1. Criterion first (within 16 Å of ligand 2 (Cβ to nearest atom), in the same structural domain as I63 (by TED's automatic domain parsing), in contact with a strand residue (DSSP E or B) (Cβ under 6 Å, 6 or more places away or on another chain) and in contact (Cβ under 8 Å) with a residue 24 or more places away in the chain) does L160 satisfy it?
2. For residues that are touching a helix residue (DSSP H, G or I) at 6+ places or on another chain (Cβ under 6 Å) and closer than 23 Å to F344 by Cβ, tally how many sit in the range 367-418.
3. Could you look through the range 21-47, keep only residues that are free of Cβ contacts under 8 Å to residues at least 24 places away in the same chain and within 11 Å of ligand 1 (Cβ to nearest atom), and pick out the one that is surrounded by the most Cβ atoms within 10 Å (Cβ to Cβ)?
4. Looking at (1) surrounded by fewer than 21 Cβ atoms within 10 Å (Cβ to Cβ); (2) touching a residue at least 12 places away in the same chain (Cβ under 8 Å), find the lone condition where R140 falls short.
5. Determine which member of the set R287, R360, R342 is over 14 Å from Q220 (Cα atoms), within 17 Å of the chain's Cα centre (by Cα) and not hydrophobic (A, V, I, L, M, F, W, C).
6. Can we say A75 is among the small types (G, A, S), modelled with pLDDT of 95 or more and away from ligand 2 (no atom under 16 Å from the Cβ)?
7. Which residues, taken from the range 38-53, are within 16 Å of ligand 2 (Cβ to nearest atom) and farther than 11 Å from L153 by Cα?
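The values are calculated or read from the model by the stated rules, or taken from the named source; none is laboratory data. Remember, it's a predicted structure, so these values are computed and weren't measured experimentally. A quick note on method: Cβ atoms are made from the backbone with ideal geometry, for glycine too, and the neighbour counts reach across all protein chains shown.
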Amino acid sequence: MEKLPFDQLGLSPEILKAVAKLGFEEASPIQTAVIPVALTGRDVVGQSSTGSGKTAAFAIPVIQRVDSQEKAVQALILCPTRELAVQVAEETGKLAFFRRGLREVPIYGGQSYERQFRALAAGAQIVIGTPGRVLDHLERGTLRPDSLRIVVLDEADRMLDMGFREDIERVLAATPANRQLLFFSATMPRAIQELIGRFSKDPAWIKIDAVARNAPQVEQTYFEVDRRSKLEALTRLIDLHDFRYGIIFCGTKVMVDDLDEHLHARGYGVDRLHGDIPQAGRDRVMRNFRERKFDFLIATDVAARGLDVDDLEVVFNFDLPNDAEDYTHRVGRTGRAGRQGRAFTFVSGQEIYKLQGMVRWAKLDIRRGRIPSLDEVEEARGNAFFERIRATLEARQFKPRDRMIDRLLDQGYASTDICSALIHLLQGGGEPAPQGAAPAKGARPPAAAAPSEPVSKPTPPLPKPAAAPVPKGKSAFERPARTGREAGMATVRLNAGSRHGVTAADIVGKIAGVTRLPASIVGAIDLLEEHALVDVESHHAELIVKKLARVRVKGVSLEPKAEPPAG
Ligand code: ADP
Ligand code: MG
């Protein structure tokens, strides 16, 4: 596949400067093929995989062909979702950075009309929007189509899937007949071809090889697992590979919510994204995910569409995607920018036939894998721990504690035994009960107690509170009932109790998951019918109340309140 330097594509100096500023070294194959043709004014149908650089392939010609002196809308870019519209607007803005007088504006549902009117009235030349809202503005007369010269359909297949066909047809019908049309799609189903046939004149068809669509830089594995074992399989794979950044795809919103609760309960740093979450919440989740404030995003296909994150380590298909296209879309989110990615797909029962069909149809390069045993997970964890100790020793990243060690040596303990005892403590081994009293606290998860990350990890992510595999049956988060408050503990009252089907483990899991504090800071829990009284280490109480303020468990809002100290 041919790639050319940007300066051989006939671009203006302003755009070349912007491209250099973005750090693009050379044009991607789709950009190399599309840009020169689109610059001539000819219609283009461009087809290439997710992550291949389609945005710049259309944004660059759009920017170059728009007249910055003319204060009227000259280019319209339609995108399937608000998120994508915002991203495309951002990338367009960056590419247009050195073109003075050029303005782009994203318009989408959920944003105030006022702001959009103003931007349009101010003479933005490039409008990027979702079909519904664009149609709205056309009908209100606030977006005038007569000056349009270029219309772009980004992710055309997605827009049709999402039911925008009629809106798109009406938008296209409203635009001048001689405007240039640029169609972009990862796939070319018949509905798209019909749309192209109706609205485009002699387009150049540019397709970047399907082989590249197979995401060769992604190592793809599938696992045949029983439906009920998927959660366990997922956590083992995460623990075995020590993944810290990935997306977990589920088939439905309900499954997203469900998995979110379960992973929270097991102490993983996760958050979720689907269509029922209000827009403001979605924005926050996406931002937090980009900033790596949590490790795994659990999402539906639609919600994750267009989410632009570069360095995912892994994509899990917790549920098998509907078809090979969705599979490719999902898997294409990892292994970007030349980095190796991993994709794990779970199939249960008859789904294996569906997967085999997809493999044949799209020539997927996917291998069968075996779910690691608990022993293997433990061993990997042990190896990782060993590496951390070694790295810490090598970097001499520790304070000498010779007085404490000397005292133990003086008492006749061997240095190897002292070390063994420390490792035991660090790996979550229980302490012998002092004065045989209090019931054992929940096992302290090893990751939380492990020493600070070795130097080899440049930005140590927060320790996972409870990455330890939870023993079957009994949860590691089981808590003694509250009898009286221990010293140093404060009580938080939660508006959720046994009547709501909430368990103590749910509560500990939520607290650990949301605050990322180790589960061990939670003490006894009194689970009453309507509410729960939870003892937590007092210096964390405020944070917990704050973080749980908007959290729901089993559908009930927790409404945390700090209880006044007992008299
Ligand atoms: P697509 O729309 O085909 O899924 P995008 O346009 O979203 O892909 O591009 C994916 C990523 O690649 C973006 O982060 C984008 O900034 C980056 N990118 C695009 N073109 C280039 C290039 N020529 N060189 C390096 N990175 C690029
Ligand atoms: Mg795109």
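1. Details: within 16 Å of ligand 2 (Cβ to nearest atom): yes; in the same structural domain as I63 (by TED's automatic domain parsing): yes; in contact with a strand residue (DSSP E or B) (Cβ under 6 Å, 6 or more places away or on another chain): no; in contact (Cβ under 8 Å) with a residue 24 or more places away in the chain: yes.
Criteria not met by L160.
2. 4
3. Out of the qualifying residues, it is E26.
4. Every condition holds for R140 apart from (2).
5. Just one listed residue meets the conditions, R287.
6. On the way: among the small types (G, A, S): yes; modelled with pLDDT of 95 or more: yes; away from ligand 2 (no atom under 16 Å from the Cβ): yes.
Answer is yes for this residue.
7. Selection gives A38, Q47, S48, S49, T50, G51, S52, G53.
Here is a yes/no grid of residues against (1) within 16 Å of ligand 2 (Cβ to nearest atom); (2) buried (at least 17 other Cβ atoms within 10 Å of the Cβ); (3) over 20 Å from E83 (Cα atoms):
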site	(1), (2), (3)
V152	yes, yes, no
T175	no, yes, yes
P189	no, no, yes
G197	no, no, yes
P203	no, yes, yes
I208	yes, yes, yes
V218	no, yes, yes
E232	no, yes, yes
T235	no, yes, yes
